[in-house]
1. Just to be sure before I move on: is ASP53 within 24 Å of the chain's Cα centre (by Cα) and not in a loop (DSSP other than H, G, I, E, B) in the structure I sent?
2. Of the conditions (1) open to solvent by 10 Å² or more (accessible area, probe 1.4 Å); (2) among the small types (Gly, Ala, Ser); (3) under 22 Å from the mean Cα position of the chain (by Cα), SER411 satisfies every one except a single condition; which number is it?
3. Among residues belonging to segment 431-458 that are touching a Gly at 6+ places or on another chain (Cβ under 6 Å) and in a helix (DSSP H, G or I), point out the one that is farthest from GLY343 (Cα to Cα).
4. Being of a type in the set (D, E, K, R) and part of a helix (DSSP H, G or I) is the filter here; which residues of segment 459-494 pass it?
5. For segment 198-218, give me each residue that is among the hydrophobic types (A, V, I, L, M, F, W, C) and modelled with pLDDT of 95 or more.
6. Does THR494 meet the test of being surrounded by 24 or more Cβ atoms within 10 Å (Cβ to Cβ) and more than 20 Å from VAL375 (Cβ to Cβ)?
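The values are calculated or read from the model by the stated rules, or taken from the named source; none is laboratory data. Please read all numbers here as calculations on a predicted model, not as lab measurements. In this analysis, Cβ positions are derived from the backbone assuming ideal geometry, glycine residues included, and neighbour counts consider all displayed protein chains. Heads up: the accessible areas ignore ligands, DNA and RNA and are worked out on the full protein's heavy atoms, side chains in. Shrake-Rupley method; radii C 1.70, N 1.55, O 1.52, S 1.80 Å.
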Amino acid sequence: MAESLKETGIDGSPSTSGHALTYAPAVKDGAPDLGAKLPGTTRLLFVTSEMGDFIKAGGLGEVSTALPRQLRTLCDVRVLLPGFRQVRTASPAMDIVREMPRTASLPPWSLGRFRTPDGLTIYAVLCDELYDREGSPYGPFSGGDFVDNDIRFARLSLAAAEIAAGEADPNWKPDVVHVNDWPSALAPGYMRWKGLATPSILTIHNLAYQGLYQPSRMTALGIPDLAFSVNGAEFHGKISFLKSGIYYSSHVTTVSETYAHEITTAEHGCGLDGLLRQRMQEGRLTGIVNGIDDSWAPPAPGATRGVRQWKRRSAEDIRKSFDLPPSRGPLFSIISRLVHQKGIDLSIEAAETIIARGGQLVVTGRGEPRLEEAVERLARQHPRSVAARIGFDDAEARRIFAASDFLLMPSRFEPCGLSQMYAQRSGALPIAYRTGGLVDTIEDGQSGFLFSSLTGAGLSSAVTRAFDAFRSKAAFLQMRQHAMAKRFDWSRPTNRYADVYARALAS
């Protein structure tokens, strides 16, 4: 089964906190970076295991929805994803381009093709025995992974290589293949083993999930024996889908500049820091902060008074919805998966400071049962100050962002993070640990608050700073105005990805 390596070190020891990196500067407003010119005739295959149009589990689904659409203005983009039940339902009459044979234990498949309502071309790997299931892209709704995920995502990866070889669609062959995270990271390996010279880009959205499987699965997955080495797919005696992608791809990107540096350290590199340091030294590792779409622009971004009224009405609505009494104090929120990585335990500790100082806290999300129970217990203990709803609804999450004065986001690690960007555009100041994309997108004391001690006391200290700002009304309103004016659109990352593609083609 695929394994997460981040909750503990590679040797099983607890992960430490704090580090001594030179952080990338926070994202600034202004003209997007323009790099090498990408030929407009470039054909790009974007390979993903989730896409918000149909099915998503996290940030990758958001990126896969937005980035290919932005890139359409620069080149010919097509998206490849598994033919999940949700994809088949959305387009039941898709064209069948070609039927493809079995390879090793990877079952036969058909290449489906259709267009979204706005004209984006989607390829689907049609193989109902692998993808026609209830659940998330990776496992049943009850939790855990599907036991055959190695086959499911090797099939996706090999399909990408077969398209790259011109075997699956004889009328369209990509010039560049862009894969994302471990589920499609075997594609650069399959391309190499096929003898293809097509450049490939791997984006790491979260290094902690690597797709690790026993070496006995090599034959079933169609991986040649020679690839099971340190210079290949082998990682500590197992097959690593992600290691394969890092080793065989032309270029590696990750989703923030600071995270790109963090993963070259032993603390955050999940055992791959040596290879990633080598890629960085070769100029083949780049950090590119994600964007968010224009729907996150507030309804009244112009007039200050209009923003105040919108925020006040939103807060009244959420307090009523969550059965909290009216309050003149600030409203804090947690909008997150309730898992250890997100620092939910630290937020629960800091809730005492929020309550003692007259604030209120709204929590929404689902995740680890012990953290769900801890959040619900906190709400029962402080019914006038804390409210929790276990579950997640996109529309409600947007309402909470709009209502909040502050967002708690003390993630132990955060490759990019989108919530802090959503919060700033919604006039909620994020309070976050100084790591990854949080460093790159939050200006401490200007558009939010960063803290460096990964403890409940460290977060409580930042919460105290937030209260001080809130009570100095002019300072708080200035910070909120600055945060809402920040640009997090896709223009900058789109041009940076185009530059990576152009350099890969040139090399």
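1. Spelling it out, it is not the case that ASP53 is within 24 Å of the chain's Cα centre (by Cα) and not in a loop (DSSP other than H, G, I, E, B).
2. (1)
3. Let us first name the residues in segment 431-458 that are touching a Gly at 6+ places or on another chain (Cβ under 6 Å), namely 437-438, 442, 451.
Checking the rest, the ones that are also in a helix (DSSP H, G or I) come to 437-438.
Numbers: GLY437: 15, LEU438: 14 Å.
Checked segment 431-458; the qualifying residue farthest from GLY343 (Cα to Cα) is GLY437.
4. We begin by selecting, within segment 459-494, every residue of a type in the set (D, E, K, R); these are 465, 468, 471, 473, 480, 486-487, 489, 492.
ARG465, ASP468, ARG471, LYS473, ARG480, ARG492 - these are the residues of segment 459-494 that are of a type in the set (D, E, K, R) and part of a helix (DSSP H, G or I).
5. Filtering segment 198-218 for residues among the hydrophobic types (A, V, I, L, M, F, W, C) gives 201-202, 204, 207-208, 212, 218.
ILE201, LEU202, ILE204, LEU207, LEU212, MET218, listed by residue number.
6. Working: surrounded by 24 or more Cβ atoms within 10 Å (Cβ to Cβ): no; more than 20 Å from VAL375 (Cβ to Cβ): yes.
Taking the combined requirement at face value, the residue does not satisfy it.
For (1) within 28 Å of LEU450 (Cα to Cα); (2) in contact with a helix residue (DSSP H, G or I) (Cβ under 8 Å, 6 or more places away or on another chain), each residue gets a yes or a no:
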residue: GLY274; (1), (2): no, no
residue: ASN290; (1), (2): yes, yes
residue: TRP296; (1), (2): yes, yes
residue: SER327; (1), (2): yes, yes
residue: GLN341; (1), (2): yes, no
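Here is a yes/no grid of residues against (1) free of Cβ contacts under 8 Å to residues at least 40 places away in the same chain; (2) open to solvent by less than 10 Å² (accessible area, probe 1.4 Å); (3) polar (S, T, N, Q):
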residue	(1), (2), (3)
GLY306	yes, no, no
GLN309	yes, no, yes
PRO330	no, yes, no
VAL339	yes, no, no
LYS342	no, no, no
SER347	no, yes, yes
GLN360	no, yes, yes
GLY367	yes, no, no
GLU372	yes, no, no
